[in-house]
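Participant: Quick one: the structure is below, and I'll ask about it shortly.
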Amino acid sequence: MEDEAGSDGWIEVAVEADLPERRAIRAQVEGMDVFLFRTADRIFAIDNRCTHQQGPLHRGVVKADIPQPTVTCPVHGSMFWMTDGRVVRGPASRPQPVYDVRVTEGIVEVRPR
Ligand code: FES
């Protein structure tokens, strides 16, 4: 798989067919560590390393069936919205960086928002 950022900033992170539904995975590409979570109609992508102390969010609990889907860090329990990375519950005080996501010919691409 190509792993170079195109001139428009999109970076290939996964093959869509390999992306499980409703189970978080991480994609490590170009020094990025991206949390990916797919629902029936959407793919969320945020930084995988918690802004508090770098906890691995892909090992955290995801609640996807609520108006604002959340992920909870497995280390100290910070909770973030998966839509925009905002902190719902600390100890984290900084939001998670979020990526825009698109699928092009079966390839999942992200771009820092
Ligand atoms: S590392 Fe995530 S809450 Fe502390």
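Participant: Rounded if a/c is under 1.5, else prolate if a/b is larger than b/c, else oblate: which is segment 67-113, with a ≥ b ≥ c the root eigenvalues of its Cα gyration tensor?
Facilitator: prolate
Participant: Further question on the same structure: Which log10 I(q)/I(0) values does segment 11-112 give at q = 0.17 Å⁻¹ under the Debye formula, counting every alpha carbon as one identical point scatterer?
Facilitator: Reported log10 I(q)/I(0), two decimals: -0.67.
Participant: May I pose another question? Quick one: net charge around R94, please, counting Lys, Arg +1 and Asp, Glu -1 for every other residue with C-beta under 12 Å from its C-beta.
Facilitator: Spelling it out: positives minus negatives among the neighbours equals +1.
Participant: Once phi is turned into ³J(HN,Hα) by the Karplus curve 6.51 cos²θ - 1.76 cosθ + 1.60 with θ = phi - 60°, what whole-Hz value does each residue of segment 56-69 show in order, with x for glycine and proline?
Facilitator: x, 5, 5, 9, x, 8, 10, 10, 9, 9, 10, x, 10, x
Participant: May I pose another question? Tell me, how many Å apart are the Cα centres for segment 82-113 and for segment 1-79?
Facilitator: Cα centroid of segment 82-113 versus Cα centroid of segment 1-79: 7 Å apart.
Participant: Okay, next question. Take K63 and E16, extend 7 Å from each Cα along the Cα→Cβ direction, and tell me the distance between the two endpoints in nm.
Facilitator: Placing both labels 7 Å beyond Cα along the Cβ direction yields 3.0 nm.
Participant: Here's a follow-up. Nearest 5 percent is fine: what portion of the DSSP beta bridges confined to the chain is antiparallel?
Facilitator: 95
Quick note: the coordinates plus some simple rules give every number you see, no bench work behind them. Just so it is clear, the structure is predicted and the values come from calculations on it, not from any experiment. Methodologically, a virtual Cβ is constructed for each residue, glycine included, from the backbone with ideal geometry; neighbour enumeration extends over all protein chains shown.
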